[in-house]
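Working notes for the structure below.
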Amino acid sequence: MTKPQANPARVTPQVFVLGDSEAFRNSLATELGAELAPTEERTFEDAEHKLRPLVDVRHRDVYVVYRLAGDGSHSVNDKLMRLLFFLATLRDAGAQRVTAVLPYLPYARKDRRTKPRDPVTMRYLAQLLEAAGVERVAALEVHNVAAFENAFRCETVHLEAHRAFAEVLADLAGERPIAVISPDTGGVKRADAFRATLERITGRPANPVFMEKHRSDGVVSGTAVVGSLKGCLAVIVDDLIAGGTTMRRAVDACRASGAETVVAAATHGVFAPGAEDLLSASGPDRLLITNSVDSPVLARPTDRLVVRPVEPLVASTIRNLTRNA
């Protein structure tokens, strides 16, 4: 029996990267081993815009990569509009399947109601993306994986930066005992998953630790630490750093509990004003972050900051999804 031939249009996807730096685009193209698909973007006098693909996408698998955190040029909402319009444009142009690959998914923290009449913004975002024609969303380190999966009716793929951080920590730890800390009870599952990856790479156990945390009207409180930290390399694991108050509180508590070295590992460096103080002498001994957010803080050279690229993970995800299509 003759083996059926794969459809080249399905095997070779079109990959678009929207509105990003030349360095990020070049790095991703290198990791993919292929050129990125070109686009044309025009901004009109009234600030409206047009974005279109410059290649034929009919019957093709198409991937759109976009780091959706706000930057100096566009707000989060500006970027969302560009993404939604472009996804719809691809479907109108006949794309067979459109996948949004989002190294940073905005509004993911607002995944439930904490007060009467609260918005559930991540669910609304999911509805917008699906209405624009996306059939699959791959996102890196969302705040709550279960809420992310439940918000979408289309296929979801959750990506983790654990291995990239664990490889750095294996070198930093040496022979010292390691403790993995969740800065709040809500992040225990994330910390446990990270701890499992770290144990596989180092070949030795890491202590689980978590902290008390309360937040009301934007004020964070709680300093109790559950677990042993004395003499350890303490690794505080979180999904993002925004205002920095949660991470600062955790760093101080770990030092007060006897940790020998304190490392903060957070995937997304949003760095709202004031959060850059985490890179001062009173911050963690090392701050591990990815470039999922194009923050100017990451461009400032310092021995305390270790930036891990997301391009290899994005490229391998696209290859794996294409291979399994």
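Contact order for segment 65-120, expressed relative to its length and based on alpha carbon pairs under 8 Å spaced 6+ residues apart, stands at 39 percent. Note on the chain: GNM, Cα springs under 10 Å; of His74, His268, His162, the largest mean-square fluctuation is that of His74. Modelled spin labels at Val307 and Arg117, positioned 7 Å past Cα toward Cβ, are 4.3 nm from each other.
Please go through the residue pairs Lys79/Lys115; Lys79/Lys110; Lys110/Lys189 and name each one whose alpha carbons sit more than 23 Å apart in this structure.
Going by Cα-Cα distance, Lys79/Lys115 fall outside the 23 Å limit.
Using alpha-carbon pairs under 8 Å, 6+ residues apart, how would you state the relative contact order of segment 162-308 in percent? Please report the intermediate quantities before stating the final value.
Numbers: 298 pairs, mean separation 28.7, N = 147.
Answer for segment 162-308 is 19 percent.
For segment 7-115, a simple Cβ point-charge model (Lys and Arg +1, Asp and Glu -1, everything else neutral) yields a dipole of about 740 debye relative to the Cα centre.
Could you give the longest part of the chain that holds none of the GluC sites (Glu not before Pro) found in DSSP loops with at most 14 neighbouring Cβ atoms within 10 Å? Please report the intermediate quantities before stating the final value.
Values: sites that count: Glu35, Glu45, Glu48, Glu175.
It runs 176-325.
Based on the Kirkwood approach, the hydrodynamic radius assigned to the chain is 21.0 Å, with every pair of different Cα atoms included. Applying the criteria of a DSSP loop state and at most 15 other Cβ atoms within 10 Å to the trypsin sites (Lys or Arg not before Pro) of segment 86-159 yields Arg112, Arg113, Arg117, Arg153. Distance from the C-alpha centroid of segment 127-202 to that of segment 46-92: 26 Å, rounded to the whole angstrom. Full extension of the chain between Asn207 and Glu130 yields a length gain of 23.6 nm, computed as 0.36 nm times the residue separation minus the alpha carbon distance.
With charges only on Cβ, +1 for K and R and -1 for D and E, what is the dipole size of the chain about its Cα centre, in debye, rounded to 20?
880
Averaging the sequence gap over all C-alpha pairs within less than 8 Å and six or more residues apart, then dividing by the number of residues, gives the chain a relative contact order of 13 percent. When the label point is put 7 Å from the Cα of Ser280 along its Cα-to-beta-carbon vector, which residues of segment 290-324 have a backbone N closer than 18 Å? Counting backbone N atoms under 18 Å from the label point, the list is 297-298, 300-305.
Every number in this text was worked out from the coordinates using simple rules, so none of it is lab data. Fair warning: this is a prediction, and the values are worked out from it, not measured in the lab. Cβ atoms come from the backbone with ideal geometry, glycine included; neighbour counts cover every protein chain shown.
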